[in-house]
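Comments concern the structure below.
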Amino acid sequence: MGLNLVKVGLAMIFIGLISSVALAVLAALMGVKGRIRGAGIVMIGPIPIIFGDVRLVKPLILMAIVLMILGLLIMFIPSLTWRWM
């Protein structure tokens, strides 16, 4: 099972990388004019790094809080269930 999760994780990273490159090339070929705005979030463990346009960052802050709580739950649930066994 562990090896399957590694393969899924690597596939997700590869798909994200390929789609990012493809969209950047597509935008360059189409000659996108005007201002391009964007924002992103990088989760390093439960710690978020948020960057981008101020108007687009506000929803990412909410998503970062949800992801932090989810990450902490995933980390602490095994230790909580182990105590009850």
Percentage of interatomic Cα-Cα distances in the chain larger than 19 Å: 64
Relative contact order [Cα under 8 Å, 6+ residues apart], segment 10-80, whole percent: 21
Packing rank of 54-67, 13-26, where each peptide gets the mean count of other beta carbons within 10 Å, highest leading: 54-67, 13-26
Proximal charge balance of R37 [Cβ under 15 Å; K/R count +1, D/E count -1]: +3
Derived scalar couplings ³J(HN,Hα) [segment 56-71; Karplus, 6.51 cos²θ - 1.76 cosθ + 1.60; whole Hz; x for Gly, Pro]: 8, 7, 4, x, 5, 5, 4, 5, 5, 5, 4, 5, 5, 5, 4, x
Stretch gain in nm, segment M75-V54, where the contour uses 0.36 nm per residue and the Cα spacing is subtracted: 4.5 nm
Cα centre as origin, Lys/Arg/Asp/Glu Cβ charges: the chain dipole, Debye: 220
Sites L67 and I13 - FRET efficiency at Förster radius 22 Å, r taken between beta-carbons, to 0.05: 0.80
Built amide H within the under 5 Å cut-off of A39, gap 5+: D53
Vicinal HN-Hα couplings computed from phi for segment 8-20 (Karplus, 6.51 cos²θ - 1.76 cosθ + 1.60; Hz; Gly/Pro x): 5, x, 5, 5, 5, 5, 5, 5, x, 5, 5, 5, 5
Farthest positive-ward along the chain dipole, Cα basis, beta-carbon charges - from I15, L73, A28: A28
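Only the coordinates and a few stated rules stand behind these numbers; no lab work does. These figures come from a predicted structure and were not determined experimentally. Note that we place each Cβ from the backbone using ideal geometry, even for glycine, and neighbour counts take in every protein chain shown.
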